[in-house]
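Engineer: Before anything else, here's the structure in question.
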Amino acid sequence: MLFFELLHYAGAGAAAVYSIDLVKTRMQNQRGSLAGEIMYRNSFHCFAKVVRGEGFFGLYRGLLPQLMGVSPEKAIKLAANFTMRDLLTSKDGNLPLWKECIAGGSGGACQVIFTNPLEIVKIRLQVAGEMTEGTRTGAIGVIKELGFSGLYKGASACFLRDIPFSAIYFPVYAHMKTYLADEDGYNGAVSLVGAAMIAGVPAAGLLTPADVIKTRLQVKARSGQQTYNGLIDCAKKIYKNEGAKAFWKGAGARICRSSPQFGVTLATYELLHHLDFGKSTSPTSKRSSTDLPHRDPDMIGGFRVAHRCVAGMESRYGLVFPKSSSSPVTSSPHKT
């Protein structure tokens, strides 16, 4: 339960960068190349126009579904990555880069079942402010309109984005922590955040084309806008009508959103896991249950069970937890 509880801190990161996410979505949904079809000149113009036309809170349209889903989404991704790393690690503790990529990609694949419904609801609410006709609806209205099967519209593009993202992100994150560790092999809070943010740059930037396609498939087209029939059809029409440059719309905003959000989320998770805000071990650490302090041999259940569960988790997750500085606990004789 602690694993899921701590991931609620992801909500704070999502809220902090949500306005950037809305700008990214609107830039990606902008179609056509004619002057009359262009609503926003760039991300800064989009930001200013939203504030001017819809108010400051217009930047946070659709935030609630995002806050509700970000914690379980990250939980699924991290849990899948943990399980696959554990299965793919050899008996001598070796995990090659290609196996790290498989483990990370598995996490991205597993999260889509939860991510896609949240994404399509969020995206439709984000662009609702552009509507000049009809009645604007809320999250419940979007869900009713789409139905269960409609919530998975654009899932193919979501797989195309999330699997490579995680396959890039987790290995880069783990290796950057090794690079940024001090001479004793430890990471502090700054190096943890730095490693997570650096890993987010290539992962988010390189997958922008897949994110553009996903946005176009999931948004509800306005009257007169180009419509698409599947992933391939969408890619062909974007290239034909707008050119290759259109696949990189919102790339800067995507990096500025994903990099700090994942940085804060993962660093906070690692630091809070042991309630010891000291230094954390490098990803090459292979602590096992035999390396940890001995506890009262007569203790049963509770702490003893939890102790066995968390032993060595840093090597399984590819995430590094703070090193406890507490001294070994010696058992005291029982009074009779």
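Engineer: Considering only residues of region 227-270 that are farther than 23 Å from Asp21 by Cβ and part of a loop (DSSP other than H, G, I, E, B), which is nearest to the chain's Cα centre (by Cα)? Break it down stepwise before answering.
Structural biologist: Just the residues of region 227-270 that are farther than 23 Å from Asp21 by Cβ, to begin with: 227, 229-230, 232-233, 236-237, 239-241, 243-244, 270.
Those still in the list that are part of a loop (DSSP other than H, G, I, E, B) too: 227, 229-230, 243.
Details: Thr227: 28, Asn229: 27, Gly230: 25, Gly243: 29 Å.
Among them, the one singled out is Gly230.
Engineer: Quick one: Asp92 ticks every box in (1) part of a loop (DSSP other than H, G, I, E, B); (2) touching a His at 6+ places or on another chain (Cβ under 9 Å) bar one, so which box is it?
Structural biologist: (2)
Engineer: Does at least one position in region 168-190 carry a residue that is modelled with pLDDT of 95 or more, open to solvent by 50 Å² or more (accessible area, probe 1.4 Å) and not acidic (Asp, Glu)?
Structural biologist: No; the residues of region 168-190 include none that is modelled with pLDDT of 95 or more, open to solvent by 50 Å² or more (accessible area, probe 1.4 Å) and not acidic (Asp, Glu).
Engineer: Of everything in region 164-199, what is in contact with a Lys or Arg (Cβ under 8 Å, 6 or more places away or on another chain) and among the hydrophobic types (A, V, I, L, M, F, W, C)? Give them in sequence order.
Structural biologist: Within region 164-199, Leu192, Ala195 meet the criteria.
Engineer: Follow-up. Say whether the condition of being assigned to a helix (DSSP H, G or I), over 14 Å from the mean Cα position of the chain (by Cα) and under 23 Å from Gly250 (Cβ atoms) is met by at least one residue in region 64-71.
Structural biologist: Yes.
Engineer: Return a yes/no flag: does region 224-238 have any residue that is of a type in the set (D, E, K, R) and in contact (Cβ under 8 Å) with a residue 24 or more places away in the chain. Let's see the steps before the verdict.
Structural biologist: Step one: of region 224-238, the residues of a type in the set (D, E, K, R) are 233, 236-237.
Those left that are additionally in contact (Cβ under 8 Å) with a residue 24 or more places away in the chain: none.
The answer is no, given that none of the residues of region 224-238 is of a type in the set (D, E, K, R) and in contact (Cβ under 8 Å) with a residue 24 or more places away in the chain.
Engineer: Determine, yes or no, whether Phe148 is among the aromatic types (Phe, Trp, Tyr), part of a helix (DSSP H, G or I) and either at positive phi or touching an Asp or Glu at 6+ places or on another chain (Cβ under 7 Å) (or both).
Structural biologist: Values: among the aromatic types (Phe, Trp, Tyr): yes; part of a helix (DSSP H, G or I): yes; either at positive phi or touching an Asp or Glu at 6+ places or on another chain (Cβ under 7 Å) (or both): no.
Taking the combined requirement at face value, the residue does not satisfy it.
Engineer: Being touching a Cys at 6+ places or on another chain (Cβ under 8 Å) and closer than 25 Å to Arg254 by Cβ narrows it down to one of Val201, Val112, so name that one.
Structural biologist: Numbers: Val201 fails: touching a Cys at 6+ places or on another chain (Cβ under 8 Å).
The match here is Val112.
Engineer: Only residues that are among the acidic types (Asp, Glu) and open to solvent by 50 Å² or more (accessible area, probe 1.4 Å): list them for region 86-101, please. Even if it seems obvious, please write down each step before you answer.
Structural biologist: Keep residues of region 86-101 that are among the acidic types (Asp, Glu), which gives 86, 92, 100.
Matches in region 86-101: Asp86, Asp92.
This table checks each residue for (1) more than 24 Å from Ala103 (Cβ to Cβ); (2) at pLDDT 90 or above; (3) open to solvent by 70 Å² or more (accessible area, probe 1.4 Å).
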{"position": "Tyr18", "(1), (2), (3)": "yes, yes, no"}
{"position": "Val23", "(1), (2), (3)": "yes, yes, no"}
{"position": "Ser33", "(1), (2), (3)": "yes, no, yes"}
{"position": "Ser43", "(1), (2), (3)": "yes, yes, no"}
{"position": "Leu59", "(1), (2), (3)": "yes, yes, no"}
{"position": "Met68", "(1), (2), (3)": "yes, no, yes"}
{"position": "Met84", "(1), (2), (3)": "no, yes, no"}
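The values are calculated or read from the model by the stated rules, or taken from the named source; none is laboratory data. It should be emphasised that the depicted structure is a prediction, and the values quoted were computed from it without experimental measurement. Positions of Cβ are generated from backbone atoms using ideal geometry, with glycine treated the same way; all protein chains shown enter the neighbour counts. Surface areas here come from the heavy atoms of the whole protein model, side chains and all, with no ligands, DNA or RNA. Shrake-Rupley method; radii C 1.70, N 1.55, O 1.52, S 1.80 Å.
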